[in-house]
Amino acid sequence: MLSNVELISRLVMAAALGSVIAFECERLSWAAGLRTHMLVCVGSALIMIVSAYGFEDALKNEHVVLVPSRIAAQVVSGIGFLGAG
């Protein structure tokens, strides 16, 4: 399991990288701005963290079958949908 410091550092890194992308889009006067890109990046990072580490307790039971990578696949589909819009 991730420590709180590592979890927060990953989310802050996602926000920082999202803001780098956002500054380029604002420079080119595109519709999506700083808040939009930062929220999409932080939301995607949070969903990926949950899909990777959120189900560790449930997977320890022997009759539980979960595929956490399915959540990650849906994040990729969602980002593609937003990019197409």
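Coordinate-derived values only; no laboratory data. Everything quoted here is computed from the prediction, not taken from an experiment. As a convention, Cβ positions derive from the backbone with ideal geometry for all residues, glycine included, and neighbour counts pool all protein chains shown.
Remark: region 70-76, residue by residue, has Karplus-estimated 3J(HN,Hα) of 5, 5, 4, 5, 6, 5, 4 Hz, where x stands for each Gly or Pro and the curve is 6.51 cos²θ - 1.76 cosθ + 1.60 at θ = phi - 60°. Kindly express, to the nearest 10 degrees and within the range 0 to 90, the angle between helix 4-27's C-alpha long axis and the longest C-alpha principal axis of the chain. The angle comes out near 30 degrees. Given the chain, report the % of alpha carbon pairs whose separation exceeds 14 Å. The answer is 69 percent, as a whole percent. Only Cα pairs under 8 Å and 6+ residues apart enter the sum, and on that basis the relative contact order of the chain stands at 24 percent. Multiplying the residue separation of residue 46 and residue 75 by 0.36 nm and removing their Cα-Cα distance gives an extension gain of 9.4 nm.
The length gained by stretching the chain between residue 65 and residue 21 to full extension, at 0.36 nm per residue less their Cα-Cα distance, is 12.1 nm.
Helix 34-53 and the long axis of the chain differ in direction by around 10°, with both axes built from C-alpha atoms.
Label-to-label distance, residue 6 versus residue 58, with points set 7 angstrom from Cα along the beta-carbon direction: 2.2 nm.
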